[in-house]
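The values are calculated or read from the model by the stated rules, or taken from the named source; none is laboratory data. Keep in mind it's a predicted model, so treat the numbers as computed, not measured. Using ideal geometry, Cβ is built from the backbone for each residue, glycine included, and neighbour counts are taken over all protein chains shown. Keep in mind that these areas ignore ligands, DNA and RNA; they rest on the heavy atoms of the full protein, side chains included. Shrake-Rupley method; radii C 1.70, N 1.55, O 1.52, S 1.80 Å.
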Amino acid sequence: MGNENQQTARQRIITLLTEVEMSARDLSQAIGIREKEVVRHLVHVEKTVASQKKNLVIRPFQCLDCEYMFKERKRYTRPGRCPRCKGTHV
Ligand SMILES: [Zn+2]
């Protein structure tokens, strides 16, 4: 991916997140890049947004089995397993 595409992806992430609450997974589907890429962009996006005094909402990961929300989780990487139901469909 070229530098220009990286910038575009970040810009799209910022635009999406200022409009609607999305998770890294939602973003990866909306933009068409891998979730791993989204996570990498989010680190930069957060800095950019902080400097612009914008507010962005990243939805926390949620367990697909019991809908437990990983609200405490500050990082964007997907948790390995759910602390409530021990399921791995996170
Ligand atoms: Zn669960």
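For residue 86, the test of being in contact (Cβ under 8 Å) with a residue 24 or more places away in the chain and either part of a loop (DSSP other than H, G, I, E, B) or open to solvent by less than 90 Å² (accessible area, probe 1.4 Å) (or both) is failed.
Only a single criterion out of (1) in a loop (DSSP other than H, G, I, E, B); (2) exposed (fewer than 14 other Cβ atoms within 10 Å of the Cβ) is not satisfied by residue 78, namely (2). I need the full set of residues from the stretch 45-90 which are modelled with pLDDT under 80 and in contact with a Leu (Cβ under 8 Å, 6 or more places away or on another chain), in order please. If the condition is that a residue be modelled with pLDDT under 80 and in contact with a Leu (Cβ under 8 Å, 6 or more places away or on another chain), then 49, 56, 57, 58, 76, 89, 90 are the ones that fit.
Screening residue 24 against (1) without any contact (Cβ under 8 Å) to a residue 40 or more places away in the chain; (2) open to solvent by less than 80 Å² (accessible area, probe 1.4 Å); (3) within 18 Å of residue 79 (Cα to Cα) leaves a single unmet condition, (1).
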